[in-house]
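Shown next, in structure tokens, is the structure this report addresses.
Bear in mind that the values in this text are calculations on the coordinates, not laboratory data. Quantities reported herein were computed from a predicted structural model and do not represent experimental measurements. So basically every Cβ, Gly included, is an ideal-geometry build from the backbone, and we count neighbours across all protein chains shown.
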Amino acid sequence: MDRMEKVSNILNDSKVYDKIADALGIELNNDSDIFREIEEYIIEQYDEMDSNKQPETCRACNEEIGEDSYFCSYECSKIDAE
């Protein structure tokens, strides 16, 4: 499943579009391009938010590391333990 489909499923399953239409007193047109535009916008904004986050750094030396690590090397993990 691609990202657009995931976002679409979340919005549709939670009935977001229906709730907005009800709140605004409008009848939904399921053939409207607005749904795809909204979903694209959401993905773009999340991508931007993700690209702006600070990179993870090693607890011992501040070198950049992977998201699921605390240290860049075994040596740094030993330094932190001391």
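Please list, by residue number, everything in region 24-48 whose backbone N is under 18 Å from a paramagnetic label point 7 Å out along Cα→Cβ of Asn12. Label zone hits: 28-43. Among the aspartates and glutamates, which fall within straight-line cross-link reach of Lys15, defined as a Cα-Cα distance under 19 Å, with same-chain neighbours fewer than 8 residues apart omitted? Filter leaves Glu5, Glu27, Asp31, Asp33, Glu37, Glu39, Glu40. Amide H to amide H distances under 5 Å link Thr57 with Ile65, where only residues 5 or more positions off or on other chains count and H is placed in the peptide plane. Which of Glu40, Glu63, Glu48 ends up with the largest GNM mean-square fluctuation for the chain, with Cα atoms connected below 10 Å? Highest fluctuation of the listed residues: Glu63. In this Cβ point-charge picture (+1 for Lys and Arg, -1 for Asp and Glu), the chain has a dipole of about 260 debye about its Cα centre. Just to be sure I understand: with springs between alpha-carbon atoms less than 10 Å apart, which residue in Glu67, Glu37, Glu56 has the highest mean-square fluctuation in the Gaussian network model of the chain? Ranking Glu67, Glu37, Glu56 by mean-square fluctuation puts Glu67 first.
For Cα extents along the principal axes in Å, computed directly from the structure shown, the correct entry in [x] 40, 27, 18; [y] 44, 30, 16; [z] 65, 23, 18 is [z]. In order along region 63-76, the Karplus-derived 3J(HN,Hα) couplings, from 6.51 cos²θ - 1.76 cosθ + 1.60 at θ = phi - 60°, round to 6, 5, 9, x, 5, 9, 10, 10, 10, 7, 7, 5, 4, 5 Hz, and Gly and Pro are given as x.
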